[in-house]
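Visitor: Provided herewith is a single structure, encoded as structure tokens, for subsequent inquiry.
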Amino acid sequence: MSRAGRKRKDLPRKAGRIDWRQTREEPAIATRWHRGRDNFLAFGGDQYLASQAGKLYVFRELTALEVEAAKRWSEMLAAYRRVIGSAGEIRGSSMGQAGASLSRERDPQWVAEFRQHFEDARQAVLLAGKPALLALDRLCRDEASTSVLPEAKRALAQLVVHFRLDTTTNR
């Protein structure tokens, strides 16, 4: 006798049931996170909490020192993109660079000091390896997956030492 309905596929069947909650992220956690973050930001909280590093801090994946290092690195990356062009020169028109009222970011002395400070921090991160630097950049741009978190934590540990964050909290 034939069975009614569709034929079975010729694939090996899995033994036991699959717990679908383990195979995907729990939606209740994300929902609680977004609701809590929005409530906190509505009361004038830190805007950095909305970032991926802030979320990892709330869920105790990162320490306060690692989050502070990520915050400083994010600010340095934003300043680097804003001030230094792709060719390595100061951005802006020549009219904006001329005159008595040069802004701080147009001052060649400040740009040279910023470049040196940025390269020192970058070299500190590179002690953890190039994949750690890439993972840290992804984390600071809010594009990191959980698979790159160990690499990013290695880079953040190097930044904590470079920025001397561990000594400032022990005073």
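Coordinate-derived values only; no laboratory data. Small disclaimer: the values here were computed from a predicted structure and weren't measured. Cβ atoms come from the backbone with ideal geometry, glycine included; neighbour counts cover every protein chain shown.
Visitor: Report the calculated FRET efficiency for Ala78 and Arg164 (r = Cβ-Cβ distance, R0 = 22 Å), to the nearest 0.05.
Guide: 0.50
Visitor: Further, regarding this structure: For Leu62, which sequence-distant residues (separation of 5 or more, or a different chain) have an amide H within less than 5 Å of its own amide H, given hydrogens modelled in the peptide plane?
Guide: For Leu62, whose amide H was placed from the backbone, the distant partners under 5 Å are Tyr57.
Visitor: Next question. I want to check the label-to-label distance for Ala4 and Arg141. Put each point 7 Å from Cα in the C-beta direction and report it in nm to one decimal.
Guide: Roughly 5.7 nm, to one decimal.
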